[in-house]
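Single-structure report; data block below.
The values are calculated or read from the model by the stated rules, or taken from the named source; none is laboratory data. In this text, all values refer to a predicted model and were calculated from it rather than measured experimentally. Cβ placement follows ideal geometry from the backbone for every residue including glycine, while neighbour counts extend to all protein chains displayed. SASA here: full protein model, heavy atoms, side chains in, ligands and nucleic acids out. Shrake-Rupley method; radii C 1.70, N 1.55, O 1.52, S 1.80 Å.
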Amino acid sequence: MLTDLLTSSKGPGVIGTVLALIVLVGFWSLLVLVSEDTKGPGLGAQIKKKEGMILSLQNEAKHWQKEAVGYKERRRQKSDHESLQGKLKRRQARVQSVMDTLVVGRKKIAKLQADIEVYKKRYRTAVRAKAVGEELTQLETKDGEIYKQVKIRQIDAIGMNIQYVDGFARIDYKRLPDAMQDRFQFSEKDASVMMEKEQGAVAVSVQGGKKYKVTRVILDIETKLIAANQKLVQLSAKVKSSQAEMASNLSKIGTANDRASSYRSLPNKGLNWDRAKKYEAQADRLTRRNSLAQADVSRNLSLMAKTRSGIAEMETQKRKLEDQLRKLKKKP
């Protein structure tokens, strides 16, 4: 309530009235004191006390007057601030609305452009396809070259493929007459894209050829490695078989020699010696067989050594080719 009183237009008048009443009350009290007690010391002290109270009330009144003015100013500033905030929000809403409209407009423009490009592409495709097989008496390019008895074979983004009296040719679209360029709707962008694709296809083809050749060599080496390893297994088996035969023959040779010696030591030399000769001949046959088996073992061991050497060389070559193939696969 006090705040409302201070902030109202009647505040300063009310405060002045209160101050006047306080002053009148003070003087009335002073008169009473003077009339009741005329002694000097008590009266002076009371007057000073009343003067202090009056000064304090005056200072307090000034403070509240100042607060009232400041409060009015703050309320005015708050009102202005709220008004500005409202305007700002309305402006922001308008800006957002415009932005939304702009986004919608851009989408519509993008769609129209896409539709136009689709239409242009269909038109180019149709008009170029329709021109295939068309015959011309002659075709003169911008650089002055003349082709006679022309038959259009194909039209693409780069230019025109034709058959003429002297053979076949591909004419870059920039060399074609302006009327043809306009009719078939050539563009630098489309030509560049197609040229890049063609160059990429050539590179892929060349690269693919290299990969194929290297792969074929690797497969051939792998086939040879399989055959070489199989041969190594077979030779090893032959060596083991020959060595087993030699060991068996040595045992038989020892037995035959022992029996031959036994028969030769007997008194009846006629019959016993014939038997001894029989076992000696058996021992000789086994000894010759062992010699042949030993030769087979030596030959097969030599072949095994050569086969292992060949396998090692082929595996080294295969690793190098596989490294080369990996590098080719990494290239674009």
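Here are some notes:
- Listing of strands (runs of 3 or more DSSP E) fully contained in the range 106-186 that carry 3 or more residues being open to solvent by less than 30 Å² (accessible area, probe 1.4 Å) and either free of Cβ contacts under 8 Å to residues at least 40 places away in the same chain or closer than 23 Å to residue 196 by Cβ (or both): 146-155, 159-164, 167-172
- Taken over the range 230-285, residues that are crowded, with 16+ Cβ neighbours inside 10 Å, among the aliphatic types (A, V, I, L, M) and closer than 30 Å to residue 311 by Cβ amount to 4.
- Verdict on residue 138 being modelled with pLDDT of 75 or more and either farther than 30 Å from residue 183 by Cβ or not basic (Lys, Arg) (or both): yes
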